[in-house]
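Data first, discussion second: the structure below is written as structure tokens.
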């Protein structure tokens with residue numbers, strides 16, 4: 001099978017705060033994998049393809065690191081949603097990543 005992705009996916013079991021752009025309220029999700037182009041999120045909340053989300057990805061700091069990493073903040077666009085019932089698998093592409 002030929003890999004057609006621009007970026008390799010890495011497993012990323014992380015807690016994620018999710019906020020739909022132009023809406024109030026924060027939702028919680030779990031990161032499943034991440035790449036240079038996007039992220040797969042598992043969430044009890046369903047979002048329509050094309051929806052813009054602001055996310056914060058909280059990385060677990062490995063015990064060998066001497067410092068704590070701040071959360072990755074990014075705006076993503078929902079590309080597709082898998083599942084008929086929660087939890088939903090939400091594939092999203094990065095639109096903007098905070099530096």
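The values are calculated or read from the model by the stated rules, or taken from the named source; none is laboratory data. Keep in mind the model is a prediction, meaning the values are calculated, not measured. Please note: Cβ atoms are built from the backbone with ideal geometry, for glycine as well, and neighbour counts cover all protein chains shown.
Worth pointing out:
- Screening 28, 90 for residues that are assigned to a strand (DSSP E or B), modelled with pLDDT of 95 or more and within 16 Å of residue 13 (Cα to Cα) leaves exactly one candidate, 90.
- Of residues in the stretch 72-88 being under 16 Å from residue 28 (Cα atoms) and either exposed (fewer than 14 other Cβ atoms within 10 Å of the Cβ) or touching a residue at least 40 places away in the same chain (Cβ under 8 Å) (or both), the one farthest from the chain's Cα centre (by Cα): 86
- Pairing each residue of the stretch 1-27 that is within 12 Å of residue 38 (Cα to Cα) with any residue that is at pLDDT 75 or above and in a loop (DSSP other than H, G, I, E, B), provided the two are 6+ apart or on different chains, yields C-beta distances under 6 Å for 6/37; 7/35; 7/36; 7/37; 9/35.
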